[in-house]
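A.B. asks: The following block contains the structure, expressed as structure tokens.
The values are calculated or read from the model by the stated rules, or taken from the named source; none is laboratory data. Not measured: the values here are computed from a predicted model. We place every Cβ from the backbone using ideal geometry, glycine too, and count neighbours over all the protein chains shown. Accessible surface areas use protein heavy atoms only, side chains included; no ligands, DNA or RNA. Shrake-Rupley method; radii C 1.70, N 1.55, O 1.52, S 1.80 Å.
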Amino acid sequence: MLRTCCCSFFFPGWVRLACGGVTEPHLILFILTLGVQLNCIVLDGAKDCPRQKKKQVDGKKKTKNLNIGVLCDQMSGKEISVAIVGGGISGLVCAARLSQLGITNSVVFDTGKHGPGGRCSSRYININGQLHIFDHAVQFFTVSDQRFAKIVSFMHNKKAVKLWPSKIVHLKMGKQPEEIKNMQVFIGTRGMQAVPECLSSLVQFEGHKWVSSVHWDPLNKKWQVDDRWFDYLVVAHNGKCAAKLMENSGAPQIHNLLKVKFGPVLSPRTHVMQLCSLWVLLFALTKKVALSYGGAFVEHPDLSWIGNNTSKYPDNEMECWTVISTKAFGANHKVPQEFIPPSKEKEVTHLLLNGFAAVTGVDRKMLTPCFTKVQLWGAANPLNVLQGEDCVFQASNNVGICGDWLVSPCIEGAVVSGLSLAEVICQHVQGERRDVGLKNHLQPSENEAIGAFPTSKKLFFNPLK
């Protein structure tokens, strides 16, 4: 049964309040239907953070306002159905927004065995009889978009997200750590997995479900998804599987946009999406190294990031680390990710542990993990994104694409894309016949290897005590 949410956490709900002891004007974000003050303070008159060297996701783009009541009235007695293939953040947000706009018959399909989330997921690993949390893909997220800020406030109210209190630094071998200032860092409360779990509670979700075939029926104007029929199709994932799924679907323009190449450096002549590959090492230490920071962007030939999961999720037994490689290391050591040879697993573990010791200054002999696990993140982050649009929609075929790879490789980018596509679909239901993003070009995306982390001086999160 579809679970719906009583709170309109996507709806505009901004008011100007007087803040005691504050001389400058502030905007307080809050959710009207919850009747509680939320926690994002918007400071007027500030410029965007200079770290955001990418396509802006700051919510300034003007979009058509939807009349929610009118849309629901128009759709009464007419059951519009939407199949969403991909249960990552973008697909979940798209389904939730559609439900708020009156399209409640949306189903999110995902292949994940352990729950939704895509790359926003965690590993819960039993070591010596105790469960320990490792964030193995998305490490954290930041906020620069007002729409996303309201969703973060909603999730904070649901105790799904929290601020990561530890320092984030830039780290270079032989140099002192350099703290990154003025960047609020959010994580899940029970691992990053808590984020999609919270969002999935708002939608109809079918997990551990592999969609093997989709086909557009031009006569009935419906999509056949395996043995079921839907009015609309949303592709909310990328990589080879998405391209293969749409290859003979009857929507060649959508298929062309989902074609993908892999490599560590963007080819100047490529006209298709290009993804990098990254190796991830998880390891646990019984003797803690007790560094002064929780995470670090690393300048090293092999390493791009190290993160102390124990600083996120306190663990008295041991210290649990995530190490993520550079794009070049991922390409140089690429193997079939489903069948990693034991020799390659041993080699990658050895090299990444050596790199960890080199950049942190920890004696390599002290790094004697009681647990290690490596995985190849084959379709990691995009090197190029769509120019000028946050989603893709083909009006003649009732089909769209959403995902962070269209906007910016981060949780915020996924949210913005999902919101945008939901609203485009609703406009289509209202009678607007407009293609979105089909003719737009891909442009280079300059980000950290592990993704983008947009910030805004206009947004500051102040948790309620």
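A.B. asks: Report yes if Q176 is polar (S, T, N, Q) and free of Cβ contacts under 8 Å to residues at least 24 places away in the same chain, otherwise no. Give the derivation first.
C.D. replies: Details: polar (S, T, N, Q): yes; free of Cβ contacts under 8 Å to residues at least 24 places away in the same chain: yes.
So Q176 fits the description; yes.
A.B. asks: Looking at I340, I324, which is the one that is of a type in the set (A, V, I, L, M) and within 24 Å of the chain's Cα centre (by Cα)?
C.D. replies: Numbers: I340 fails: within 24 Å of the chain's Cα centre (by Cα).
Of I340, I324, the one residue that is of a type in the set (A, V, I, L, M) and within 24 Å of the chain's Cα centre (by Cα) is I324.
A.B. asks: Given (1) in contact with a His (Cβ under 7 Å, 6 or more places away or on another chain); (2) within 19 Å of L98 (Cα to Cα); (3) charged (D, E, K, R), where does E178 come up short, assuming only one miss?
C.D. replies: (2)
A.B. asks: Out of V152, V143, V211, V195, I need the residue that is part of a loop (DSSP other than H, G, I, E, B), within 16 Å of the chain's Cα centre (by Cα) and either under 27 Å from N447 (Cα atoms) or not acidic (D, E) (or both). Which one?
C.D. replies: Numbers: V152 fails: part of a loop (DSSP other than H, G, I, E, B); V211 fails: within 16 Å of the chain's Cα centre (by Cα); V195 fails: part of a loop (DSSP other than H, G, I, E, B).
When all the criteria are applied, what remains is V143.
A.B. asks: Starting from residues that are open to solvent by less than 10 Å² (accessible area, probe 1.4 Å) and not aromatic (F, W, Y), keep the ones in the range 320-330 and report whichever is nearest to K287 (Cα to Cα).
C.D. replies: C320
A.B. asks: Another question, if that's okay. Counting only residues that are at pLDDT 95 or above, touching a Gly at 6+ places or on another chain (Cβ under 6 Å) and under 23 Å from H170 (Cα atoms), give me the helices (runs of 4 or more DSSP H) lying completely in the range 299-410 with at least 1 of them.
C.D. replies: Values: elements: 309-312, 327-332, 342-360, 404-407.
Per the criteria, 309-312.
A.B. asks: Quick one: count up the residues across the range 414-463 that are farther than 30 Å from T322 by Cβ, small (G, A, S) and touching a residue at least 12 places away in the same chain (Cβ under 8 Å).
C.D. replies: Qualifying residue count for the region: 3.
A.B. asks: Sticking with this structure for a sec: Select from the range 164-175 the residues that are open to solvent by 30 Å² or more (accessible area, probe 1.4 Å) and modelled with pLDDT of 95 or more and list them in ascending order. Walk me through how you get there before you give the answer.
C.D. replies: The first filter runs over the range 164-175 and keeps only residues open to solvent by 30 Å² or more (accessible area, probe 1.4 Å), leaving 165-167, 170, 172-175.
Hits for the range 164-175 are S166, K167, H170.
A.B. asks: I'm trying to understand the selection: among the residues of the range 333-353, which are out of contact with any strand residue (DSSP E or B) (no Cβ under 8 Å at 6 or more places or on another chain) and either surrounded by 15 or more Cβ atoms within 10 Å (Cβ to Cβ) or hydroxyl-bearing (S, T, Y) (or both)? Walk me through it before giving the result.
C.D. replies: From the range 333-353, those out of contact with any strand residue (DSSP E or B) (no Cβ under 8 Å at 6 or more places or on another chain) are 336, 338-339, 341-344, 346-347, 350-351; that's our starting set.
If the condition is that a residue be out of contact with any strand residue (DSSP E or B) (no Cβ under 8 Å at 6 or more places or on another chain) and either surrounded by 15 or more Cβ atoms within 10 Å (Cβ to Cβ) or hydroxyl-bearing (S, T, Y) (or both), then S343, K344, L351 are the ones that fit.
A.B. asks: I would also like to ask the following. Of all the residues that make up the range 141-163, how many are on the phi > 0 side of the Ramachandran plot and open to solvent by less than 50 Å² (accessible area, probe 1.4 Å)? Show your work before the answer.
C.D. replies: Of the residues in the range 141-163, the ones on the phi > 0 side of the Ramachandran plot are 159.
Checking the rest, the ones that are also open to solvent by less than 50 Å² (accessible area, probe 1.4 Å) come to none.
Total meeting the criteria: 0.
A.B. asks: Hey, does the range 329-336 have a residue that's closer than 26 Å to G191 by Cα and polar (S, T, N, Q)?
C.D. replies: no
A.B. asks: Would you mind telling me which numbered condition in (1) touching a helix residue (DSSP H, G or I) at 6+ places or on another chain (Cβ under 9 Å); (2) in a loop (DSSP other than H, G, I, E, B); (3) over 19 Å from P196 (Cβ atoms) C120 fails?
C.D. replies: Only one criterion in (1) touching a helix residue (DSSP H, G or I) at 6+ places or on another chain (Cβ under 9 Å); (2) in a loop (DSSP other than H, G, I, E, B); (3) over 19 Å from P196 (Cβ atoms) is unmet by C120, namely (3).
A.B. asks: How about the range 176-185: which of its residues are open to solvent by 80 Å² or more (accessible area, probe 1.4 Å) and either among the aliphatic types (A, V, I, L, M) or farther than 22 Å from K458 by Cα (or both)?
C.D. replies: Initially, the range 176-185 is screened for residues open to solvent by 80 Å² or more (accessible area, probe 1.4 Å), giving 176, 178, 181-182.
The answer is Q176, E178.
A.B. asks: May I pose another question? Can you find a residue that is open to solvent by 30 Å² or more (accessible area, probe 1.4 Å), under 30 Å from K181 (Cβ atoms) and touching a residue at least 12 places away in the same chain (Cβ under 8 Å) anywhere in the range 233-254?
C.D. replies: no
A.B. asks: Something else about it: Picking from S166, S153, S99, S121, which residue would you name as being more than 21 Å from Y313 (Cα to Cα) and of a type in the set (G, A, S)?
C.D. replies: Values: S166 fails: more than 21 Å from Y313 (Cα to Cα); S153 fails: more than 21 Å from Y313 (Cα to Cα); S121 fails: more than 21 Å from Y313 (Cα to Cα).
Criteria check complete, one pass: S99.
A.B. asks: Now for a separate question. So which pairs qualify, if the first residue must be in the range 108-121 and on the phi > 0 side of the Ramachandran plot, the second must be open to solvent by less than 60 Å² (accessible area, probe 1.4 Å) and outside any strand (DSSP E or B), the Cβ gap must be under 6 Å, and the two must be at least 6 apart or on different chains?
C.D. replies: Final answer for the pair search is G117/Q193; G117/P196.
A.B. asks: Given the criteria at pLDDT 95 or above, touching a Leu at 6+ places or on another chain (Cβ under 8 Å) and either of a type in the set (V, I, T) or in a strand (DSSP E or B) (or both), does A95 qualify?
C.D. replies: Values: at pLDDT 95 or above: yes; touching a Leu at 6+ places or on another chain (Cβ under 8 Å): yes; either of a type in the set (V, I, T) or in a strand (DSSP E or B) (or both): no.
When the stated conditions are applied, A95 does not pass them.
A.B. asks: Could you run through the range 374-426 and say how many residues are farther than 30 Å from V348 by Cα, open to solvent by 10 Å² or more (accessible area, probe 1.4 Å) and polar (S, T, N, Q)?
C.D. replies: So the answer is 6.
A.B. asks: Sticking with this structure for a sec: Filter the range 416-465 down to the residues that are at pLDDT below 95 and aliphatic (A, V, I, L, M) and list them by number.
C.D. replies: L442, L459, L464
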